[in-house]
Amino acid sequence: FPICLMTIILIKLTSKGPIFADTPHRVGKNGTLFKMYKFRSMIVNAHHLLRNDPKYRKLYQQYKNDSYKLKEDPRVTPIGKFIRKHSIDEIPQLINVIRGEMSLVGPRAYYADELADQQKKYPETKQLVAEVLSIRPGITGAWQVSGRSEVKFDKRIAIDAAYARKRSIWYDIIVLLKTPFAMISGKGAV
């Protein structure tokens with residue numbers, strides 16, 4: 001993968017730290033926690049700092065209020081902005097697919113605290129979350145090709161639950177065909 005090699009080189013040249021993000025585990029099928037691989041697009045320890053550093057307290061509140069997404073995140077590195085916009089940071093998730101933790105197409109893999117907090121905020125989504133957790137999360141999915149980060153949690157989980165109910169090889173093919181356009185356009189990416 002020439003894109004992967006170039007990304008690794010750019011990450012190492014432009015910031016200190018590992019090439020993979022040091023993120024908390026994600027919730028997979030049946031609630032199983034797993035480490036999701038991503039190219040690092042943020043400063044080292046970005047997730048820990050957001051949750052624990054007093055300097056980021058206000059940003060953390062904004063993060064939680066905005067469905068666990070930030071449009072302007074000061075933790076993102078310059079090269080990180082580009083690789084996130086075009087979803088290049090997601091390529092290492094192929095490791096998770098090979099390991100059987102993820103699928104190519106499926107619902108988003110959420111952080112455990114994100115799921116807990118969002119279900120408190122949107123209690124009507126409990127059944128939808130159960131449907132989403134009945135299948136493996138995907139590198140891409142229905143919500144990723146329909147607005148990505150512009151979609152709030154209650155709508156995002158509804159899109160993912162609808163996918164879980166009606167998934168098929170044909171639906172997966174449609175999502176896979178739409179994915180490159182979402183990556184190139186960068187629409188809704190943060």
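The values are calculated or read from the model by the stated rules, or taken from the named source; none is laboratory data. Keep in mind it's a predicted model, so treat the numbers as computed, not measured. Here the Cβ positions follow ideal geometry from the backbone for every residue, glycine too, while neighbour counts run over all protein chains shown.
Taken over the stretch 85-119, the criterion of being in contact with a helix residue (DSSP H, G or I) (Cβ under 9 Å, 6 or more places away or on another chain), closer than 20 Å to V175 by Cα, assigned to a helix (DSSP H, G or I) and of a type in the set (A, V, I, L, M) is satisfied by I88 alone.
Considering the stretch 149-190, and only residues there that are farther than 26 Å from F82 by Cα and not in a helix (DSSP H, G or I), the residue that is modelled with the lowest pLDDT turns out to be R167. Checking each residue in the stretch 60-84 for being in contact with a Ser or Thr (Cβ under 9 Å, 6 or more places away or on another chain) and in a helix (DSSP H, G or I) picks out P78, I79, G80, K81, F82, I83, R84. From the list V145, V105, the lone residue that is more than 26 Å from D22 (Cβ to Cβ), crowded, with 21+ Cβ neighbours inside 10 Å and touching a residue at least 60 places away in the same chain (Cβ under 8 Å) is V105.
Tell me yes or no: at least one residue of the stretch 120-140 is closer than 21 Å to F181 by Cα, touching a Gly at 6+ places or on another chain (Cβ under 8 Å) and assigned to a helix (DSSP H, G or I). No, the stretch 120-140 contains no residue that is closer than 21 Å to F181 by Cα, touching a Gly at 6+ places or on another chain (Cβ under 8 Å) and assigned to a helix (DSSP H, G or I).
If you take the residues of the stretch 49-59 that are of a type outside the set (A, V, I, L, M, F, W, C) and in a helix (DSSP H, G or I), which of them is surrounded by the most Cβ atoms within 10 Å (Cβ to Cβ)?
Per the stated criteria, the residue is Y56.
If you take the residues in the stretch 9-46 that are among the basic types (K, R) and not in a loop (DSSP other than H, G, I, E, B), which one is surrounded by the most Cβ atoms within 10 Å (Cβ to Cβ)?
Keep residues of the stretch 9-46 that are among the basic types (K, R), which gives 12, 16, 26, 29, 35, 38, 40.
Then keep just the ones that are not in a loop (DSSP other than H, G, I, E, B); that gives 12, 26, 29.
Values: K12: 14, R26: 21, K29: 19.
Ranking the candidates gives R26 first.
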